[in-house]
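K.L.:
My structure is below; once you've seen it, I'll send some questions.
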Amino acid sequence: MSSSSQDIRRAILTKWNETLSRYGNLFSSDSISGTSPPSVFVGSYNYPKVFVGPMVPPTHGDTSLLDRPENWKKKSLEEIVNFRLNLVRGIQKISIDEIEGRYIENLQEVAMSSKPIDSDLTFETNASSNISLDGESPPFGPIGKIRSAKFSSTSPVKQIEKIFYDKDLNAHDAVLNLYRSGIEVSKIQKCFSIGMLGQKRKLVPTRWSITATDDIISKFLANEVLDYDLIDSCRVFSYEHLGNIFSVILFPHRWVFDMIEAWYSNGIIGFGSDSEDARGIDHPPAIAGAYFAAKFGVAEYLTKNKIQAGVVILREIRPEYAVPVGVWQIREGIRETMKQNPLLSDGIDEALALASKKTSISKPEWLSHGNISMLTKQKTLTDYF
């Protein structure tokens, strides 16, 4: 490996500091004028009174790429980190139940906008541009407490506007309706977060809304999969991006799902995993939001192709993934994995061997930390006929 995680973070931070030395006045003044991608953020600190606000870069124009993870698959880690660092986060402390009032209504209009929005923010003091990068937390740009916020007129996405005004629809069905309407997942998550969906509406911290959205949609898709015929052979899909190696195994079996993650810490490999059968998962996954994001990506592939399979996902997190950028990269990584040409094998053992060869971890190591052996030994209704 040419660079350690620490070296990669240091190089990214050095370039960012060079940017600040040239344009720091744009990021650390008491006001900012720019075009929001559009983007809103709800924090989790001090819940149920949380920091809420728009994210705005100090530039005008088409800034949509800065907060559209669906379009980041071919971008480098440095590019993605810079997208995040270039967004100045304005905040006000709001109770999660306060979903009325001009400030929140403005942010809801931002969230449902079909295009970037010109924005002008003034802060109580200069925005703080003190940035740090570590291997634990996603990167964030400068932050400032908002004194006032003005936004240009918006053009709402019609499907979102319709759901927004339907207050008889619960949040679960609202998420599914938007997904089936073709709305990008990242867009749905923002609307969920800023209190736009459901009957009893409230603000939801962004990272919670991301996991909730992935959970709702992936559960719906997995239930759809149960109605399809089983595949007739084992298939192994592989893809690598941002220092993440994904290997997905599909094999002839009623829906079961097992995801195993491996990562490196001070030269030691750590593992995490969780699984489910056709009844779904009945506890918070040990690997948190990564579980639902990966399940989403593969279940979407199965429903689009109207097939059913057992699934094993191996995710190796290499040291090159020096800055975590969010579970979107797992969802989009699995989506991209399923677009690759698969290797075919005669059985699950050979498939596991092929998938393991794509990683630096042996098949026995993967199997010792997963649950697929037990899942495949469980009887299904078809075993009795």
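The values are calculated or read from the model by the stated rules, or taken from the named source; none is laboratory data. Every value quoted in this text rests on a predicted model; they were computed, and no experiment measured them. Note that each Cβ is placed from the backbone with ideal geometry, even for glycine, and that neighbours are counted across all protein chains shown. SASA here: full protein model, heavy atoms, side chains in, ligands and nucleic acids out. Shrake-Rupley method; radii C 1.70, N 1.55, O 1.52, S 1.80 Å.
K.L.:
Rounded to the nearest 0.05, what FRET efficiency do R180 and R10 give with R0 = 56 Å and r taken as the Cβ-Cβ distance? Could you check?
P.N.:
Between R180 and R10 the formula returns 0.80.
K.L.:
Oh, and also: Of the accessible area of the chain, with the probe set at 1.4 angstrom, what percent is carbon plus sulfur? List each step's numbers first, then the result.
P.N.:
Working: 8640 of 17760 Å².
It is 49 percent, rounded to a whole number.
K.L.:
Cα convex hull of the chain: how many Å³ per residue? Present the calculation step by step, with values, prior to reporting the outcome.
P.N.:
Details: hull volume 54.9 nm³, N = 385.
In the chain, the Cα hull volume divided by residue count equals 143 Å³.
K.L.:
If you don't mind, another one. Extending each Cα 7 Å along its Cβ direction at S233 and S114, get the distance between those two points in nm, one decimal.
P.N.:
In this crude spin-label approximation the distance works out to 4.5 nm.
K.L.:
Give the residue list of chymotrypsin sites (Phe, Trp or Tyr not before Pro) in segment 1-86 that are DSSP loop and have at most 10 other beta-carbon atoms within 10 angstrom. Numbers along the way, then the final one.
P.N.:
Values: sites: W16, Y23, F27, F41, Y45, F51, W72, F83; in loops: Y45, W72.
For chymotrypsin sites (Phe, Trp or Tyr not before Pro) across segment 1-86 that sit outside H, G, I, E and B with at most 10 neighbouring Cβ atoms in 10 Å, the list reads Y45.
K.L.:
Turning to a different aspect of this structure: Shape call for segment 107-245 from the C-alpha gyration tensor, a ≥ b ≥ c root eigenvalues: rounded (a/c under 1.5), prolate (a/b greater than b/c) or oblate?
P.N.:
Values: a/c = 2.49, a/b = 1.37, b/c = 1.81.
Oblate.
K.L.:
Something else now. So if each residue of separation counts as 0.36 nm, and I subtract the Cα-Cα distance between E79 and Y45, what length gain in nm does that give? Walk me through the numbers on the way to the answer.
P.N.:
Details: separation 34, 0.36 × 34 = 12.24 nm, distance 2.71 nm.
Difference between extended and current length: 9.5 nm.
K.L.:
Something else now. Taking every pair of alpha-carbon atoms in segment 246-302, give the share separated by more than 13 Å as a whole percent. Before the final figure, lay out the partial values.
P.N.:
On the way: 1043 of 1596 pairs.
So the pairs more than 13 Å apart make up 65 percent of the total in segment 246-302.
K.L.:
Can you classify segment 1-125 as rounded, prolate or oblate using the Cα gyration tensor, where a ≥ b ≥ c are the square roots of its eigenvalues, rounded means a/c under 1.5, and otherwise it's prolate if a/b beats b/c and oblate if not?
P.N.:
On the way: a/c = 1.68, a/b = 1.65, b/c = 1.02.
Prolate.
K.L.:
Which value in deg cm²/dmol, rounded to the nearest 500, describes the helix-derived mean residue ellipticity at 222 nm for the chain, given -39,500 (n - 2.57) per DSSP H run of n ≥ 4 and division by the residue count?
P.N.:
Details: 12 runs with 139 residues, N = 385.
Only helices count here, giving -11000 deg cm²/dmol.
K.L.:
Turning to a different aspect of this structure: How many nm is it between the label spots at S153 and E18, if each spot is 7 Å from the Cα in line with the beta carbon?
P.N.:
Using points 7 Å along Cα→Cβ, the separation is 4.3 nm.
K.L.:
Can you classify segment 109-148 as rounded, prolate or oblate using the Cα gyration tensor, where a ≥ b ≥ c are the square roots of its eigenvalues, rounded means a/c under 1.5, and otherwise it's prolate if a/b beats b/c and oblate if not?
P.N.:
Oblate is the answer for segment 109-148, as a/c is 1.5 or above yet b/c matches or exceeds a/b.
K.L.:
In square angstrom, what is the accessible area per residue of segment 272-372 with a 1.4 angstrom probe? List each step's numbers first, then the result.
P.N.:
Details: 3920 Å² over 101 residues.
Accessible area per residue, segment 272-372: 39 Å².
K.L.:
Cα to Cα, under 16 Å, and not fewer than 8 places away if on the same chain: which aspartates and glutamates meet these conditions relative to K74?
P.N.:
Filter leaves E240, E320, E332, E336.
K.L.:
Find the Rg to Rh ratio for segment 250-338, where Rh is the Kirkwood radius over alpha-carbon pairs and Rg uses the same atoms. List each step's numbers first, then the result.
P.N.:
Numbers: Rg = 13.5 Å, Rh = 13.8 Å.
My calculation of the ratio gives 0.98.
K.L.:
Using a 1.4 angstrom probe on the protein heavy atoms only, line up L107, L133 by accessible area, largest first. Let's see the in-between values first.
P.N.:
Working: L107 0, L133 30 Å².
Most to least solvent-accessible, the answer reads L133, L107.
K.L.:
When the chain is fully extended, how far beyond the present Cα-Cα distance does F271 get from S95, taking 0.36 nm per residue of separation? List each step's numbers first, then the result.
P.N.:
Details: separation 176, 0.36 × 176 = 63.36 nm, distance 3.75 nm.
Contour length minus the Cα-Cα distance gives 59.6 nm.
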